[in-house]
Structures are given as structure tokens and as C-alpha cells.
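Here is the structure we will look at.
The values are calculated or read from the model by the stated rules, or taken from the named source; none is laboratory data. Quantities reported herein were computed from a predicted structural model and do not represent experimental measurements. Note that we place each Cβ from the backbone using ideal geometry, even for glycine, and neighbour counts take in every protein chain shown. Areas reflect the complete protein model, heavy atoms only, side chains present, ligands, DNA and RNA absent. Shrake-Rupley method; radii C 1.70, N 1.55, O 1.52, S 1.80 Å.
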Amino acid sequence: MNDHRNTIDRTGTAPHRAPRGIGRAVLAVAAVTGLGLAWAGTAEAASPSAARSTPTCSAAALKAGFGRQLSGGMNHQGVVITLRNLSGRTCALRGYPGLGLENSAHHALTAHTHWGNTWYAKDPGRKTLVLKDGQGAEAVIAWTHANTGTSGAVHASYLEITPPASTQHKTLAFPQWVDHGDLSVTALATHVDVTP
């Protein structure tokens with residue numbers, strides 16, 4: 001805080017007085033300008049704390065789905081996954097989704113999730129995404145599949161998607177062979193660029 005804001009310099013000669021109407025107009029403009037600067041400073045300072053005070057999106061608040069299906073050479077396969085906020089309130093997501101595989105009886109299969117770049121997309125990195133009701137985020141997952149029934153391949157029926165900072169997951173039908181249960185996934189972002 002400025003300790004001199006309410007002091008007046010009384011040294012030197014008497015100040016020149018402007019006509020009363022002009023002086024008031026100048027003071028009014030200065031006051032409005034000062035308030036504008038104070039408001040701008042408050043908004044700027046409140047913005048990060050507003051993001052921090054936004055509650056994290058729970059699994060129950062989100063609808064999971066699949067976007068674009070991805071395929072390529074060398075037995076690579078992938079898909080864009082989406083998480084849409086349907087809570088009726090604003091919530092936030094930050095980081096990477098957790099992934100798991102289930103068989104047809106919904107029993108967990110051996111799976112390993114690797115965070116970062118995938119065969120199809122560069123990792124956008126961790127960012128806090130503030131999602132209003134109806135807004136969504138996406139990530140790109142990728143895996144390899146040699147051939148049906150190849151040694152070390154896991155035959156999944158469902159994919160578990162656990163939102164960041166959540167202990168519960170969403171489940172989507174996922175009839176895929178996944179080599180060694182290895183899945184790669186990017187961080188969540190409003191949009192992830194995919195390499196064709």
C-alpha cells in the first residue's frame with residue numbers, strides 16, 4: 001500500500017488554482033480512472049484464485065464417450081475420448097485420465113497406462129480446464145494390436161476412464177485386443193490435434 005497517497009506536498013509556492021468546475025471534472029476523471037485501475041487489478045488477481053476455487057469435476061458429473069477412431073500402420077490403433085460436464089455447474093479438470101481394461105464380465109484385466117505423447121498426438125501437457133455445464137474435454141489414447149490371440153495380448157470388452165483426481169470411473173464398450181495391456185494417453189485438453 002502507498003503510505004503517501006493521502007499526503008499533500010506543502011513546500012514551495014502556493015499552487016495555481018484551476019477554476020472550480022474544471023478542478024471537479026479533473027478530480028472526477030482521476031477518481032474514475034483510479035477505480036478502473038483498481039477493478040482491473042482485482043479481476044487479474046481474482047482470476048487464478050477463481051480457477052483454484054472451482055470444484056473438480058467428479059466422475060458422476062461427467063459423460064464419457066468416444067470421438068474419432070484412429071488407425072494406422074504397424075498395428076497401431078487409437079481413439080479420441082471425451083469427457084463432457086453435465087453437472088449443471090462449472091467444474092474443473094487437470095491432467096491425465098486414468099485408464100483400465102475389463103473383460104466381458106467387468107473384471108479388471110492387466111493394463112498399463114503411459115502418460116504423454118501417443119502415436120497419433122503430441123501431449124498438450126497439464127492445464128487446468130474450467131468446464132461450464134455442457135462443455136467437454138478430450139484426450140487421445142493409443143495402443144498396438146499384433147493379431148487376435150497373440151501371446152501377451154489382452155482381449156478387452158470395456159475401457160475404464162477415471163477422471164483426474166477421482167476415485168470412480170466411467171465405463172465404455174471397448175472390444176479390442178491390446179498388446180500387453182499397454183495404453184498411451186495424452187493429457188486432457190479442450191482439443192488435441194491428431195496426426196492423420
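Picking from residues in segment 93-109 that are more than 14 Å from residue 174 (Cβ to Cβ) and open to solvent by less than 10 Å² (accessible area, probe 1.4 Å), the one that is nearest to the chain's Cα centre (by Cα) is 93. Taking the criterion of being touching a Gly at 6+ places or on another chain (Cβ under 6 Å), open to solvent by less than 40 Å² (accessible area, probe 1.4 Å) and not hydroxyl-bearing (Ser, Thr, Tyr), the residues of segment 110-127 that qualify are 111, 123. For residue 83, the criteria (1) among the aliphatic types (A, V, I, L, M); (2) over 25 Å from residue 194 (Cα atoms); (3) at pLDDT 95 or above hold in every case but one, which is (2).
Which of the residues that make up segment 168-184 are touching a residue at least 40 places away in the same chain (Cβ under 8 Å) and farther than 16 Å from residue 80 by Cβ?
168, 169, 171, 178, 179, 180, 181, 182
Exactly one residue out of 187, 156, 139 is surrounded by 15 or more Cβ atoms within 10 Å (Cβ to Cβ), among the hydrophobic types (A, V, I, L, M, F, W, C) and in a loop (DSSP other than H, G, I, E, B), and it is 187. Does segment 116-128 contain any residue that is in contact with a Ser or Thr (Cβ under 7 Å, 6 or more places away or on another chain) and not in a loop (DSSP other than H, G, I, E, B)? Taking every residue of segment 116-128 in turn, none turns out to be in contact with a Ser or Thr (Cβ under 7 Å, 6 or more places away or on another chain) and not in a loop (DSSP other than H, G, I, E, B).
Each residue in segment 159-184 was checked for being assigned to a loop (DSSP other than H, G, I, E, B) and more than 24 Å from residue 135 (Cα to Cα), and 2 of them qualify. Only a single criterion out of (1) open to solvent by less than 50 Å² (accessible area, probe 1.4 Å); (2) on the phi > 0 side of the Ramachandran plot is not satisfied by residue 180, namely (1). Evaluate the following for residue 161: is it within 14 Å of residue 184 (Cα to Cα), in contact with a Pro (Cβ under 7 Å, 6 or more places away or on another chain) and not acidic (Asp, Glu)? Yes, satisfied.
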